[in-house]
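Here's the structure we're looking at; comments come further down.
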Amino acid sequence: MLTDCRGLEITCADQAALDIYEASLVDLWNYRLAAPKVLKGALEIDAQFPMANIVRGYIMSMLESIVVRPKMMAAVEHVRATVDPASTRELLHADALEGLATGNTNKAAAAWEAILAEYPHDLLALKMHHHSTFWTGRSYVIRNTVTGVFDAWDASIPGYSFVLGMMCFGLEECGDYASAEPFGRRSIDMNGDDLWAIHSIAHVLEMQGRIDEGITLLDRDPQEWADRNPFQGHNWWHLALFGLEKGDYDFVLKIYDDLIITSNTEFFLDIQNGASLLKRLELQGVDVGDRWDGLVGYAEKQIDDHVLSFTDLHSCIALAATNRSDVLDRYLASLRSFASTPDNYSASITDRIVIPMCEGVIAFENGDFEQAVECLWPLRDQWSPIGGSHAQRDIFTQILIDATIGAKQFSRARTLLSQRLTLRPQSVGSWNKYAQVQQALGNAERAKYAAARAATIA
């Protein structure tokens, strides 16, 4: 039996197919558009190649749509029919893919964890676990999974840089920014192509309010990432966040138009990035023109395509922002129906978290600020299960802040703004709102101080 570059046995009939397969994985982890085409080359040599079929299924799963699930299951069935029963690692990958194909991400995670316990050098299992768990918001699991294999890795093992990037992100999401950053820096020193490591450092800088450093990290020639898949748009989104906190709204709009949403989109990350950024701009009083029009079409198309709760919520933001009340009624009905789906992670949190958050967003857009607060306030420390990062989920905190101000619940607004400014002390918008709230509370000196802080950043 052949072995891969990390010494793991792999069912493959031809070394050339294996070499191409491994090249496709590097392209995949560097977010290169070429990855699926390269992988196809391996399957052209060895159509039975179990792990190549698994990876093709994993790539389909990254579309985060129920449309591709039958093809994912076909890959599962193929592998189970062709792999020797003794090849437990490969069969566990089939179990993981089945979990993704049925929305049972807990099953997928358990399979990858079983692989990593015995085969800590299975970088594919580590990568898939890392990204899948990200969409469940379980920060400590993300961190603990990579730290649990880290002792088996060093710079002599191919792919070490990717492990360092995941270490950075796992530590960052657990709030250990000081420990996280060196791992990310070392990762990109070894492999400057790794968008995830760059993204992880961006998170560290954003969470610490290191705005200028974040802009320096991400403000690059777009041609540098021209060969990358839509994840590049998420890194541009992070660049926009730095500009947003600085109050440079023209800069943010240019990034949106030129780099994030360049045409009508049908990719889930684009609806997340786009809706989040437009709403953040509107919360700062910026007129975004007709930019919502490029997002609502997708939101309506995926009305029954429930895979990620995070996407569901951002579709709701887009639909609510454009007053699509008829579609929103159907959307909420679809969510209520989906909530009864058994053994499905997203379904399990829909009634408890997703629907109340959607109702809060809708109430906010309708100007019913008291109802928005009633929906969102009890969940303010409980919405990590919707997935995404701290930086991404911050949009719901920002909506809640504006809802409390609109409802004249200024003490609650002060609490939320104090929390946000402690973590992000370089936020022009938050200091301006803090000044407004302190003025409403009769604290003129605090209001004056906050306004001055905002002026020093802008």
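Computed from the coordinates by the stated procedures, all read-outs in this text should not be read as laboratory data. Since we're looking at a predicted model, the values are computed, not measured. FYI the Cβ positions are ideal-geometry reconstructions off the backbone, even for glycines, and counts take in every protein chain you see.
Could you calculate the contour length gain from residue 224 to residue 266, that is, 0.36 nm times the residue separation minus the distance between their Cα atoms, to one decimal place in nm? Numbers along the way, then the final one.
Numbers: separation 42, 0.36 × 42 = 15.12 nm, distance 2.36 nm.
Here the segment from residue 224 to residue 266 would lengthen by 12.8 nm.
Per 0.36 nm of contour for each residue apart, how much would the distance between residue 40 and residue 3 grow if the chain were fully extended, relative to their Cα-Cα spacing?
Numbers: separation 37, 0.36 × 37 = 13.32 nm, distance 1.99 nm.
Here the answer is 11.3 nm.
Quote the relative contact order of the chain in percent (integer), defining contacts as alpha-carbon pairs under 8 Å separated by 6+ residues.
Relative contact order, the chain: 12 percent.
Give the peptides 77-89, 137-149 in descending order of average Cβ contacts within 10 Å, highest first.
Packing proxy ranking, top to bottom: 137-149, 77-89.
Helix-derived [θ] at 222 nm for the chain: sum -39500 (n - 2.57) over DSSP H runs of at least 4, divide by residue count, nearest 500? Present the calculation step by step, with values, prior to reporting the outcome.
Working: 25 runs with 307 residues, N = 458.
Rounded to the nearest 500, the figure is -21000 deg cm²/dmol.
With r as the distance between the Cβ atoms of residue 333 and residue 117 and R0 = 30 Å, compute the FRET efficiency 1/(1 + (r/R0)^6) and round to 0.05. Don't jump to the answer; show the numbers that get you there.
Numbers: r = 42 Å, r/R0 = 1.42.
About 0.10, to the nearest 0.05.
Any chance you could run the full-extension gain for residue 67 through residue 179? It's 0.36 nm times the residue separation minus the Cα-Cα distance, nm to one decimal.
Working: separation 112, 0.36 × 112 = 40.32 nm, distance 4.02 nm.
Full extension of this stretch gives 36.3 nm more.
Collect residues whose amide H, placed 1.01 Å from N in the peptide plane, falls under 5 Å from the amide H of residue 136; neighbours closer than 5 in sequence don't count.
388
Using the number of other C-beta atoms within 10 angstrom as an exposure proxy, rank 60, 207 with the fewest first. Provide the component values of the computation, followed by the final result.
Working: 60 22, 207 19.
Starting with the residue having the fewest Cβ neighbours, the order is 207, 60.
Between residue 147 and residue 326, what FRET efficiency comes out of the Förster formula 1/(1 + (r/R0)^6) with R0 = 56 Å and r the beta carbon distance, rounded to 0.05?
Values: r = 48 Å, r/R0 = 0.86.
The calculated FRET efficiency here is 0.70.
What is the local net charge at residue 280, summed over the other residues whose Cβ is closer than 12 Å to its Cβ (Lys, Arg +1; Asp, Glu -1)?
Details: positive: 279; negative: 245, 282, 394, 402.
The answer is -3.
Using amide H atoms built in the peptide plane, which far-off residues or other-chain residues are under 5 Å from residue 228 H to H?
For residue 228, the qualifying residues are 33.
Got the relative contact order for region 401-456 handy, in percent, Cα pairs under 8 Å and 6 or more residues apart?
Details: 52 pairs, mean separation 16.6, N = 56.
Relative contact order comes out at 30 percent.
Over region 262-407, what relative contact order in percent results from Cα pairs under 8 Å that are six or more residues apart? Spell out each step's value before the answer.
Values: 172 pairs, mean separation 32.0, N = 146.
Value for region 262-407: 22 percent.
If I model a spin label as a point 7 Å beyond the Cα along the Cα-Cβ vector, how far apart are those points for residue 282 and residue 451 in nm?
2.8 nm
With labels modelled as points extended 7 Å from the Cα through the Cβ direction, what inter-label distance (nm, one decimal) is found for residue 110 paired with residue 366?
4.1 nm
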